[in-house]
Ligand SMILES: [Zn+2]
Ligand SMILES: [Zn+2]
């Protein structure tokens, strides 16, 4: 999803919730006890979590979330994300510049990202990077920020976390050009919302597909079909919190514990158990990001 200048504006005001505090605080205990999950994309540095992060962490631990990947939208966030990794040992993070944050890309930014990645072995990816033509039309500028980050990922042999909204065609064109030079990094299409045909094209480039709360939305038929179709060894689950809370918490603040709802919906769509989806998606995340979590 996208960084927001005022994240709270995207969320209901306190007291505006139709859902009780008890419901928000209680991830389904019956399904959570035995699960092992990875939230492969979250944002906790946004100020939505200032007041209750310890409680949020307790809920993700209760829900079985054993590792989290924190995305980065611009280098100014890195110090705060690193401090969170100090506080929560299960947290790993990416460094990168989001396509809607291109104003933060300067001459030395690639060098800054390289230094940040080399300075801390908890940096497990470059991102989030990508293209977003839903909110902006500055494709040339976005490409100028994206391309050197893909180069950096290849150089450092790190996976990329790709944000791609209304931009599958130019993204595939860029990847095709890089494929001819064998310069497509490993990585994941995050918060997947494309068609099955687009998914197959990204899979053909070796990328994984990460499903978010959007897969729980009733009308997201293309995403549902992608969830049925994606090979077992190629998908992840994520929250992209604080955005995009899954059903039944849609419209509320999202948090890592709710990744269990994403896994539950994937299980329904694939005709599998939630335990199977949790085990499979966790193993995929461990493999892609080199997480210290033992494969399950
Ligand atoms: Zn994000
Ligand atoms: Zn995103």
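No lab work stands behind these numbers, since they all come straight from the coordinates. Just so you know, these numbers come straight off a predicted model, no measurement behind them.
With the convex hull drawn over the C-alpha atoms of segment 48-89, the volume per residue is 81 Å³.
With respect to the chain, whose longest principal axis is taken over its alpha-carbon atoms, helix 53-62 is tilted by about 80°.
Working value for segment 133-178: equivalent-ellipsoid semi-axes of 19, 11, 10 Å, each the square root of 5 times a Cα gyration tensor eigenvalue, largest first.
Classify segment 148-268: rounded, prolate or oblate, from the alpha-carbon gyration tensor (a ≥ b ≥ c, eigenvalue square roots; a/c under 1.5 rounded; otherwise prolate if a/b is larger than b/c)? Please report the intermediate quantities before stating the final value.
Working: a/c = 2.18, a/b = 1.73, b/c = 1.26.
Because a/c hits 1.5 or more and a/b exceeds b/c, segment 148-268 counts as prolate.
Counting only C-alpha contacts under 8 Å and six or more residues apart, can you give the relative contact order of segment 37-289 as a whole percent? List each step's numbers first, then the result.
Numbers: 491 pairs, mean separation 49.6, N = 253.
Relative contact order comes out at 20 percent.
The C-alpha atoms of the chain define a longest principal axis, and helix 109-119 lies at about 60 degrees to it.
Compared with the dominant Cα axis of the chain, that is its longest principal axis, helix 168-179 is turned about 50°. Reducing segment 85-135 and segment 222-296 to their Cα centroids gives an inter-centroid distance of 22 Å. Choose one answer from 107, 272, 74: the residue with the largest mean-square fluctuation in a GNM of the chain with alpha-carbon springs under 10 Å. Looking only at 107, 272, 74, the largest GNM fluctuation is found for 107.
What shape does the chain take by its C-alpha gyration tensor, where a ≥ b ≥ c are the square roots of the eigenvalues and a/c under 1.5 counts as rounded, a/b above b/c as prolate, and the rest as oblate? Kindly include the intermediate steps, with their values, before the conclusion.
Details: a/c = 1.45, a/b = 1.26, b/c = 1.15.
Taking the square roots of the gyration eigenvalues as a ≥ b ≥ c, the chain is rounded.
With a/c under 1.5 counting as rounded, go ahead and sort segment 102-213 into rounded, prolate or oblate using the C-alpha gyration tensor (a ≥ b ≥ c being the square roots of the eigenvalues; past the cut-off, prolate if a/b is larger than b/c, else oblate).
prolate
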